[in-house]
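Here's the structure we're looking at; comments come further down.
The values are calculated or read from the model by the stated rules, or taken from the named source; none is laboratory data. Worth saying up front: this structure is predicted, and the values here are computed from it rather than measured. Heads up, the Cβs are rebuilt from the backbone with ideal geometry, glycines too, and the neighbour counts pull from every protein chain shown.
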Amino acid sequence: MSEKPAGADIPEETVGSQVSPVSQMSSMPGPASGSASASVPGSMLGAMSDVWQSSPPGSIYDYIRIASFSLGSDGRIAQWSERAAELLGLTAAQAVGKDPVDAFVPAELRETGRRKVADILDGREWTGLVPYRSPQAPGGVSIAEVYVMPSQDEDGERTALCIAVDVGALRGLETDLAASQAVFGQSPLGFFLFGTDLRMLRVNERFATVFGRPVEEYRGATAHDLLPRGEADRLAAALRQVLDSGSSLTDMPIMGPVPGSHDRRRWSVSLYRLHSGSGRPIGIAGLATDVTGRRRAEQEAAGVRRNLALLNEAGARIGTSLDLETTARELLDVAVPQFCDLASVDLYQGLLSGDETPPGLADGSAELRRVAFASAVSDGPVAFGDIYRTDDSGQGELPKPIDVGEVHRYPFHSLCAHALRTAQVRVVTGRDSGEGMELGAMLQSTLLVPMVARDTVVGLAQFSRTKGSEPFGERDRALAVELAARAAVSIDNARLYRREHERALILQRSLLPPGDPEAAGLDIACRYLPGNAATEVGGDWFDVIELPGHRTALVVGDVMGRGLRAAVAMGELRTAVRTLALLDLEPAEVLSALDEIARGLGAPGGSTAGRAAGRSADASSDLSEVYLATCVYAVYDPVTRRCTFANAGHLPPALVEPGEGALLMEVPPGMPLGVGGEPFEETEVELPDGALLALYTDGLVESRDHALDEGLQDLRTALSTDEGADRPDSSLEDICDHVLSSLDTHHGEDDIALLMARVQGLPSGSVGDWQLPSDPQSVGRARELAREQLESWGMEGLVDTTELLVSELVTNALRYGEGEIRLRLLLDRTLVCEVWDGNLVQPRRRRARDTDEGGRGLQLVGLLSAGWGSRRTPHGKTVWFELALPDGESSGPDSVEALLSLW
């Protein structure tokens with residue numbers, strides 16, 4: 001051993017990098033060729049270079065604790081390596097020259113140890129477990145496996161070379177390898193290892209199953225051998241990033257096909273870098289999990305959540321209006337583009353026009369009207385192949401786009417008609433073209449969904465998706481049915497409401513006075529504006545009622561609430577007002593009677609007593625059955641030019657006197673009709689000629705956009721302007737238009753009723769008024785006064801009839817009345833004669849027998865006059881009759897014929 005081996009002078013850290021052992025071998029003396037390369041094949045040089053490299057840090061020796069030392073011929077330690085010092089805890093100074101048994105074998109085992117050393121020095125190899133002292137081990141004793149190889153020194157003496165391995169480290173390594181193998185081989189996850197060259201070193205069976213190839217095919221494979229180019233580039237970049245940075249990467253999605261299958265799979269890959277015991281990177285480990293099923297479940301869950309969100313949106317957005325077209329557009333606003341790319345809604349034309357059973361409804365061939373269309377892929381209607389229209393000749397099919405508002409039909413054998421006829425959804429794809437359905441080149445599939453409400457098909461909704469979109473599935477089909485059903489119910493509600501609204505409007509307008517009512521001593525103009533189509537009909541009304549003595553009752557009222565119920569209540573109250581007005585009651589008495597009627601409208605049987613009983617039985621009765629209304633009732637006398645007002649909770653009338661600004665009259669408001677328990681007060685005002693009176697409902701001045709006081713002030717301003725009532729030459733029609741245009745009435749939140757009257761009064765020349773004593777001679781005097789007055793008016797054609805009837809009334813006043821008699825003739829559009837006396841007893845018409853000498857006076861008055869009646873006054877009563885003015889072509893009733901008809 002006097003010669004050093006080749007390369008012994010070269011430092012260990014440079015053997016594998018700067019000076020190759022192969023190159024050292026080439027410079028060594030050898031065979032006659034003089035060169036090692038002459039006898040070593042060139043193909044082996046690269047392999048020998050790898051073999052002769054020194055093991056870098058991180059090799060297996062970093063995990064196995066190996067120590068070496070040698071024994072001399074005297075059995076003592078001759079050499080002691082640094083690994084031995086590290087393993088056995090003795091330095092070279094403490095070990096060299098010492099008996100190995102004494103050095104590190106426990107005292108109780110030393111005798112056995114000396115025998116073994118003696119055997120070794122006799123030239124026998126020996127391998128066995130040797131205990132040694134170790135302060136780090138439990139109990140201070142560890143076990144080493146020692147391999148002793150006999151050798152000789154330069155003098156031929158027996159020596160020994162010993163290699164010791166810590167048994168604890170071996171057992172730990174065995175355990176780690178077994179555990180690693182168990183995890184790697186038995187794990188349900190796909191494990192794989194990449195080297196630093198990004199080639200696969202090893203995969204487990206689960207990984208091979210996940211990626212669909214045998215285990216042996218993966219060794220040396222790269223990412224591009226497993227995946228399509230795009231996905232392989234992503235995986236290779238991720239491997240390089242993890243190897244360079246040391247940062248882990250989790251849940252990286254990877255997609256690719258499985259060999260032997262056309263299905264694309266989705267995997268979740270996690271990567272982390274592997275290190276040696278010294279911390280040197282030695283590769284990349286990874287886990288791969290097939291998440292295709294989980295991804296599908298996530299997509300299903302996302303689809304369900306999306307559908308629920310769409311249904312929630314539909315519940316909030318569909319049906320916000322009682323308008324058919326608006327509801328159909330709301331359905332399409334929800335469906336496009338969240339659910340489909342384009343859609344349309346067709347409704348039966350007959351149902352839209354109010355016909356409950358249009359012809360063809362049962363077989364699906366009735367006329368439909370396109371009420372809505374929406375598209376996310378085109379600006380206008382698309383020519384669906386499933387739309388058919390018959391041309392004017394009744395022959396041929398025109399696959400022409402259907403515009404919104406256009407009326408069309410589906411042929412009996414078309415799939416659309418079949419869907420309408422059976423109320424069943426049809427899913428149409430490109431394969432259905434053989435059945436007559438030719439979808440456009442841009443469409444992939446279409447859902448034909450009948451719109452069913454209350455077991456009645458009201459129309460058809462079509463939802464379509466274009467090429468490139470996901471085709472409709474069962475979940476989409478169920479969602480489309482739900483969307484169409486919700487819209488159908490709202491559309492049917494809108495249809496029923498429209499029908500009720502139209503009927504209520506007809507009822508309401510039929511109860512309103514004619515457009516140009518006439519009254520003695522008054523110019524009348526009126527306006528009635530119903531709310532817009534989205535609001536229900538209200539209970540606003542106004543009326544102009546002619547009273548005896550050329551007086552006029554002006555009425556404006558408003559029933560609280562809306563709909564047909566309010567319109568019916570308005571009609572009942574208006575009829576009651578007219579009936580009470582004919583009784584010629586005072587305004588306060590009229591409102592008191594109306595209050596009793598209003599309280600009885602909602603009671604069982606319509607009785608006030610029944611309603612009171614119901615309230616006492618249940619204090620929390622349904623207040624929606626209470627009929628409440630506000631009303632202003634005014635009576636104008638054109639002779640005295642005085643107007644008497646009574647108010648039941650209504651807004652005050654507006655008055656504009658000539659040369660003055662508009663003001664709100666101070667009329668006690670009173671309680672609304674139907675409340676009961678409170679009397680009504682009257683206010684009497686003298687109105688000069690030219691004054692203007694305005695009665696109105698709250699829809700004119702009240703709005704959610706401003707306060708009521710602002711609306712009332714705006715009304716006063718509109719009436720006081722140059723275009724308003726302040727100009728005597730302005731027509732009432734122009735004034736009404738100006739008021740409506742000036743105020744904020746375009747909102748259409750409520751009905752608007754406006755009644756305006758300009759005071760003219762009867763001129764003094766059109767009135768004849770006389771006081772007559774309670775004396776029989778007053779009958780003749782009354783006839784003379786009547787004759788003279790009529791002749792002065794040029795009404796000679798009425799003289800005879802008037803004299804006869806005046807004598808009858810004055811005679812009755814003398815016979816049945818009290819006090820002085822007052823005779824008054826009034827000439828306006830008719831002739832009115834009034835006879836006043838101080839008795840409150842009202843005359844009663846009776847039928848006289850053939851043998852009676854009297855009792856026929858009132859019958860004669862009824863036969864010869866256009867109308868007659870009586871009313872109470874504060875100091876008695878008034879009996880009156882009315883005669884139509886002669887028109888020059890016809891004369892009045894023949895008094896002789898009338899007298900003869902009594903017998």
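Quick notes on this structure:
- The condition of being in contact (Cβ under 8 Å) with a residue 60 or more places away in the chain, in a strand (DSSP E or B) and within 30 Å of E174 (Cα to Cα) holds for only one of A67, A84, A78, that being A67.
- Extreme residue, farthest from D455 (Cα to Cα), among residues of segment 404-423 that are among the charged types (D, E, K, R) and touching an Asp or Glu at 6+ places or on another chain (Cβ under 9 Å): R409
- Test: residue in segment 208-228 that is touching a Leu at 6+ places or on another chain (Cβ under 9 Å), under 17 Å from I282 (Cα atoms) and surrounded by fewer than 15 Cβ atoms within 10 Å (Cβ to Cβ): yes
- Some residue of segment 154-165 being in contact with a Ser or Thr (Cβ under 9 Å, 6 or more places away or on another chain), assigned to a strand (DSSP E or B) and at pLDDT below 85: no
- Any hit, segment 691-705, residues being closer than 25 Å to Y528 by Cα and loosely packed, with under 15 Cβ neighbours inside 10 Å: yes
- Comparison of R213, R206 shows that the only residue that is part of a helix (DSSP H, G or I) and either under 25 Å from D263 (Cβ atoms) or touching a residue at least 24 places away in the same chain (Cβ under 8 Å) (or both) is R206.
- All told, S180 meets the bar of being over 54 Å from the mean Cα position of the chain (by Cα) and of a type in the set (S, T, Y).
- With respect to (1) modelled with pLDDT of 85 or more; (2) within 18 Å of R783 (Cβ to Cβ), the lone exception for L860 is condition (1).
- Members of segment 375-409 found to be at pLDDT 85 or above, part of a loop (DSSP other than H, G, I, E, B) and not acidic (D, E), listed by number: A376, V404, G405, R409
- Among the residues of segment 694-714, none qualifies, meaning not one is in a strand (DSSP E or B) and of a type in the set (D, E, K, R).
- Count of residues meeting criterion [small (G, A, S), assigned to a strand (DSSP E or B) and more than 22 Å from V832 (Cβ to Cβ)] in segment 753-788: 1
- Test: residue in segment 275-290 that is in a helix (DSSP H, G or I), modelled with pLDDT under 80 and under 30 Å from L198 (Cβ atoms): no
- Number of positions in segment 216-249 that are in a helix (DSSP H, G or I) and without any contact (Cβ under 8 Å) to a residue 40 or more places away in the chain: 18
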